[in-house]
1. Would you mind telling me which numbered condition in (1) modelled with pLDDT of 85 or more; (2) within 24 Å of residue 117 (Cβ to Cβ); (3) small (Gly, Ala, Ser) residue 29 fails?
2. Which one of these does residue 138 not meet: (1) farther than 24 Å from residue 262 by Cβ; (2) in contact with a helix residue (DSSP H, G or I) (Cβ under 7 Å, 6 or more places away or on another chain); (3) polar (S, T, N, Q)?
3. Test residue 215 against the criterion of being in a helix (DSSP H, G or I) and in contact (Cβ under 8 Å) with a residue 60 or more places away in the chain, and give yes or no.
4. Within segment 38-55, which residues are surrounded by 13 or more Cβ atoms within 10 Å (Cβ to Cβ) and not in a loop (DSSP other than H, G, I, E, B)?
5. Taking residue 228 and the conditions (1) more than 24 Å from residue 61 (Cβ to Cβ); (2) among the hydroxyl-bearing types (Ser, Thr, Tyr); (3) in a helix (DSSP H, G or I), which numbered condition does it fall short on, given that it satisfies the others?
6. In the list 7, 81, 33, 85, which residue meets the criterion of being out of contact with any strand residue (DSSP E or B) (no Cβ under 6 Å at 6 or more places or on another chain), in a helix (DSSP H, G or I) and loosely packed, with under 15 Cβ neighbours inside 10 Å?
7. If you take just the helices (runs of 4 or more DSSP H) that sit entirely in segment 236-308, which of them hold at least 2 residues that are touching a residue at least 24 places away in the same chain (Cβ under 8 Å) and β-branched (Val, Ile, Thr)?
8. Residue 63 passes all but one of (1) in a helix (DSSP H, G or I); (2) out of contact with any Pro (no Cβ under 6 Å at 6 or more places or on another chain); which number fails?
Amino acid sequence: MFIISYLMTIVLVLIAVAYVTLLERSVLGYIQLRSGPNSVGALGLLQPFADGLKLFLKEQTIPMKSNYFIYYISPIFMLMLSFSLWCLYPYSVNVFNFSYGFLFFMSCTGMGVYGVMLSGWSSNSNYALLGGLRAVSQTISYEVSMSIIMLCFILFVFSFNFMDFMIYQEYVWFMFFSLPLLFCWMSSILAETNRSPFDFAEGESELVSGFNVEYSSGGFAFIFLSEYMNIMFMSLLTVIMFMGCDYSSFTFYMKIVLVIFWFIWVRGTLPRFRYDKLMGLTWSMFLPLSLNYFLFFMALLSFMLLSI
C-alpha cells in the first residue's frame, strides 16, 4: 500500500510541478503587465506539457572537456533526492508513518548541496563552477538557521513526526506565538531553494544561468523538476510547522498553494539581494534570533518538566 501510495504521490507531484510553472509564468505576466502563456490549449493549460516534450526531445549536448559520468549523473541524483523527500508526505491511514521525518528531511537537504556542487564542477565551465560555489555556500549558511528553527518546534512538540504537529496545532497555529521565526523561516527557504531575491546560483545578468548553464534537454529538465519539487515540499513543510496541518481538510492544500503563490510573488516583486548582505543576514540576524528562541523553548520545557 505504501509503494502504491508513494508512486501515486510522485505522479501527482510531477503534474503539480507542471502547473506550478504555468501559474508562475501567468502570475509574472500579470505583474509585468503582459500576456502569459495563453495559446497552447484552453487558457494555456497544455503549455507545461508542450515545454516538457520540447525539452526531452531536444538533443543532449555534452561539453567536450566535462567530467562525463558526474556531469550525466548529477541531475539524476538531484531528482532522486527530491523524490525521496516526498516519501515524508503525511498520509493519514493505511500507509507507512515516518516517525523520524524531520531527521530524514535534514539529511536529504544536506545531501542536495552535493548535486549542485557536482553539476557545477563537472561541466568544467567557469560560469557553472562560480554558480555552483555560490549555491553551495548559500545553502550551507542558511541550512544552519533553518535547522535551528525546526529544532525549536521539534523541542516544543517533542517529536520528529509530522503527524504530531496536527495534534498540537488543533486549537492554535504555531505562527501566532512565533511570528519572527516564521519570517526567518520564509526567508531561509527562499535562500535554500535558490529563489529570487536570493537566486545567486542562477544570476542570469552575470552568470548566464549559473551551475546549470551547460545542461540541455533531459539534464536541464531534471534540474528544473528538482527545483520546483523542492519549492512545493518547502511550502508543505511551512504549512505543517506554522499554519495548522489538518491533512484531511481542503484548506490544508489551499494554504500550500498560497505559500507557492508567495514564492512567485516575491520573484516578481523584489530585486536581487547583494551577496555580502545575503551572508550577513543569516549569520548576524537569523542565527542569533533562532538561537534565542531555541533557548527560550528549552527553558520553557525545563520549567514544565520541573513543575510536573
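1. All conditions pass for residue 29, except number (2).
2. Status for residue 138: all satisfied but (1).
3. In short, no.
4. Of everything in segment 38-55, those that are surrounded by 13 or more Cβ atoms within 10 Å (Cβ to Cβ) and not in a loop (DSSP other than H, G, I, E, B) turn out to be 43, 44, 47, 48, 49, 50, 51, 52, 55.
5. (1)
6. Result: 7 is the single residue among 7, 81, 33, 85 that is out of contact with any strand residue (DSSP E or B) (no Cβ under 6 Å at 6 or more places or on another chain), in a helix (DSSP H, G or I) and loosely packed, with under 15 Cβ neighbours inside 10 Å.
7. Hits in segment 236-308: 250-269.
8. Single failed check for residue 63: (1).
The values are calculated or read from the model by the stated rules, or taken from the named source; none is laboratory data. Fair warning: this is a prediction, and the values are worked out from it, not measured in the lab. Note that each Cβ is placed from the backbone with ideal geometry, even for glycine, and that neighbours are counted across all protein chains shown.
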